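Below: one structure, written as structure tokens.
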2 protein chains.
Amino acid sequence: MTFELKQHLTDQATKVEIVLKRLLSEPPLEAEITRPPRLLAAMRHGALNGGKRLRPILVMETANLFGRADEGVCQAACALELIHCYSLVHDDLPAMDDDDLRRGQPTVHKAYDEATAILAGDALLTLAFDVVAEEAVHSDATIRLRLSRELSRASGIGGMAGGQMLDLESEHRDRTEAEIRRLQSMKTGALLRYASRAGALLANAPELDVERMTRFGEVVGLAFQLADDLLDVEASPEDMGKATGKDAEAGKATLVGLLGADQTRQELTHLLNEADTLLEPYGPAAEKLSALAQFIVNRKS
Amino acid sequence: MTFELKQHLTDQATKVEIVLKRLLSEPPLEAEITRPPRLLAAMRHGALNGGKRLRPILVMETANLFGRADEGVCQAACALELIHCYSLVHDDLPAMDDDDLRRGQPTVHKAYDEATAILAGDALLTLAFDVVAEEAVHSDATIRLRLSRELSRASGIGGMAGGQMLDLESEHRDRTEAEIRRLQSMKTGALLRYASRAGALLANAPELDVERMTRFGEVVGLAFQLADDLLDVEASPEDMGKATGKDAEAGKATLVGLLGADQTRQELTHLLNEADTLLEPYGPAAEKLSALAQFIVNRKS
């Protein structure tokens with residue numbers, strides 16, 4: 001990746017950070033809304049922690065490919081990031097993955113307490129459906145509603161939450177390759193699929209492009225998960241800012257465990273090729289999306 | 001309340017139950033969606049437990065007053081009930097109110113486990129925003145989006161979730177009357193306010209009526225909470241199907257504690273009078289809404 005592209009990704013992450021901060025700020029006095037300070041602080045702790053912002057950047061780069069790059073796109077992207085952040089807050093809870101650290105910082109239930117972390121996750125999740133409905137997101141209410149509904153489906157029982165259930169259920173028992181693929185397509189795949197699909201919808205891309213971008217998101221999601229599994233096996237806790245080797249410890253079979261690291265890397269190469277084939281029709285304009293896919297596969301944390 | 005009105009409320013609750021069951025059923029095979037059975041079962045346990053369905057019935061009766069009584073209204077009402085049910089599942093968790101029983105049955109984390117209960121609550125909450133977006137709810141996407149957004153605000157940090165945070169924070173310390181009123185208007189008031197407001201919006205009621213019904217929901221919400229506090233002091237665990245005296249045990253100051261039972265009953269009478277004044281312009285057509293307010297105040301569990 002060139003220096004310019006790296007800088008561009010950092011700039012995009014900064015934009016996301018700014019909008020998230022605004023969404024998670026004290027309401028103006030005239031709004032007559034109360035945001036209990038402790039809950040707001042816990043939500044900020046869970047959402048403003050310097051994440052890589054891959055999902056919202058994927059929304060923004062896809063929308064950009066089809067000609068939209070305004071603040072409304074960033075806002076829709078932040079709705080998705082709020083969902084991702086809520087899931088991390090809840091997944092870290094003692095009853096779930098029981099993690100004390102996230103990006104080198106105490107997790108929300110460690111910095112606050114369990115009850116506050118549960119509520120902070122709930123409130124981040126709920127806020128996403130307020131944010132995605134804002135007029136700036138798209139002038140057409142039908143599109144905003146479609147984004148809201150698809151976001152719900154990508155994150156609910158048929159998507160992310162369902163995938164987390166399958167993941168918890170599979171601790172300390174064998175999983176087939178098909179089972180792992182299904183749970184990963186739900187747990188992490190559904191949100192990434194939504195990301196690039198939403199980008200295309202936000203920019204009023206023609207139906208064929210929406211479908212192509214949907215597949216692009218799926219491919220990126222698969223690559224993301226394989227890269228993640230490799231990192232869990234190979235990276236150090238210092239690089240990751242959180243515990244590694246967790247899958248093995250929890251007795252969770254992963255694709256890397258089943259296929260081996262070499263075959264996993266081969267599959268990653270195939271996925272990147274498919275991603276580039278999907279982007280081919282757009283020529284150099286899709287350079288940033290291609291770089292993003294590369295970044296997701298080659299990241300070190 | 002007459003026998004006919006009582007029967008009518010039971011019939012409405014049955015309608016809600018039927019739609020909730022449909023929303024929480026296995027997806028048809030052709031839908032190509034996976035709903036992990038354990039998570040779906042936990043969601044059903046949390047939502048199909050014979051609740052009184054006061055909130056959805058309030059939506060339906062208000063919509064009916066303005067001439068709408070089709071299945072789409074019941075669906076919008078069920079989106080609200082899903083939010084209510086998720087909040088009960090999470091509030092019952094050990095880290096929150098730590099309740100083992102709900103309506104005489106084991107709570108979700110007792111019947112399953114904590115992780116599953118957290119995910120079931122998350123998935124019920126998420127599903128609400130899919131359900132409220134369904135076309136049957138209203139032919140105009142702008143109205144569906146407005147309902148979705150207002151539902152998010154009523155249940156998020158500025159509403160129910162924020163109120164629960166304030167409630168948890170106030171354990172074992174004094175609370176002023178103003179603090180208690182604010183937290184109750186958020187914790188339980190916001191959803192009841194939304195209920196009758198949503199009913200009016202669903203039926204395309206004129207703006208003045210929407211505002212009147214919004215106030216009606218607020219009044220019902222206040223009365224509901226006062227009646228609840230009285231029940232917590234006076235009813236037996238057998239009547240309630242859950243532990244009573246919990247507020248005193250947790251050192252939570254309530255309005256009944258501050259004002260005394262007599263003054264609380266007086267305020268309830270005032271609230272019922274205001275409710276009837278708000279309904280006056282509609283004549284006998286509002287009889288059922290009036291009966292519902294009475295029922296909320298006089299219920300024994």
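Two decimals, Cα atoms only, Kirkwood Rh: what is Rg/Rh over chain A?
Rounded to two decimals, Rg/Rh equals 0.95.
Take each uninterrupted DSSP H stretch in chain B, measure its Cα extent along the helix axis, and return the ones at 24 Å or beyond whose mean Kyte-Doolittle hydropathy is at least -1.0.
Helix filter hits for chain B: B:3-23, B:71-91, B:114-131, B:207-234, B:261-279.
Given a cut-off of under 8 Å on Cα pairs at least six residues apart, what relative contact order in percent is computed for segment A:3-298?
So the answer I get is 19 percent.
At A:Ile33 and B:Ala136, where each label point lies 7 Å from the Cα along Cα→Cβ, what is the point-to-point distance in nanometres?
Here the modelled spin labels are 3.1 nm apart.
I need the peptides B:183-194, B:97-108 ranked by packing, meaning the mean over residues of other C-beta atoms within 10 angstrom, with the highest value on top.
B:183-194, B:97-108
What is segment A:137-199's relative contact order, in percent, from Cα pairs under 8 angstrom and six or more apart in sequence?
In percent, rounded to a whole number, it is 40.
Give me the inter-chain shielding for A:126-139: mean count of other chain Cβ atoms within 10 Å, whole number please.
Partner-chain Cβ atoms within 10 Å, mean over residues of A:126-139: 5.
For peptide A:33-41, what's the mean number of Cβ atoms from other chains within 10 Å of each residue's Cβ?
6
By average Cβ neighbour count within 10 Å, what is the ranking of A:252-265, A:33-46, B:169-182 from highest down?
The densest-packed peptide leads the list: A:33-46, A:252-265, B:169-182.
Going by average Cβ density within 10 Å per residue, which order do the peptides A:47-55, A:112-120 take, highest to lowest?
Ranking the peptides A:47-55, A:112-120 by packing returns A:112-120, A:47-55.
In whole Å, how far is the Cα centre of segment B:137-166 from that of segment B:78-106?
19
State, to one decimal in nm and shortest first, how far the label point of A:Pro281 sits from each corresponding label point in the other identical copies (label point: 7 angstrom along Cα-to-Cβ).
In nanometres, ordered from closest: 5.4.
Only helical DSSP H runs with n ≥ 4 go in: add -39500 (n - 2.57) per run for the protein assembly as shown, normalise by residue count and round the 222 nm mean residue ellipticity to 500 deg cm²/dmol.
It comes out at -21500 deg cm²/dmol, rounded to the nearest 500.
Return the average number of partner chain Cβ atoms within 10 angstrom of each residue Cβ along peptide A:107-119.
Mean partner-chain Cβ count within 10 Å for A:107-119: 4.
Using 29 Å as the Cα-Cα cut-off, could you pick out the over-long pairs in A:Lys21/A:Lys288; A:Lys187/B:Lys52; A:Lys252/A:Lys288; A:Lys21/B:Lys252; A:Lys21/A:Lys252?
A:Lys187/B:Lys52; A:Lys252/A:Lys288; A:Lys21/B:Lys252; A:Lys21/A:Lys252
Which order results if A:Glu267, B:Glu150 are arranged by neighbouring Cβ count within 10 Å, fewest first?
A:Glu267, B:Glu150
Label-to-label distances across copies for A:Leu101, with labels 7 Å out along Cα→Cβ, in nm, shortest first?
Here the equivalent label points are 4.5 nm apart from this one.
Which one, A:Ala286, B:Val297, A:Ser25, projects farthest toward the positive side of the charge dipole computed for the protein assembly as shown from Cβ point charges (K/R +1, D/E -1)?
A:Ala286
Measuring from a point 7 Å out along Cα→Cβ, what nm distances, shortest first, does A:Glu71 have to its partners in the other copies?
Computed spacing set for this position: 4.4 nm.
With all distinct Cα pairs included, what does the Kirkwood hydrodynamic radius of segment B:68-124 come out to in Å, to one decimal, could you say?
12.1
Throughout, read-outs are computed from the coordinates displayed, never taken from laboratory work. This one's a predicted model, so the numbers in the text were calculated from it and none came from an experiment. Note that we place each Cβ from the backbone using ideal geometry, even for glycine, and neighbour counts take in every protein chain shown.
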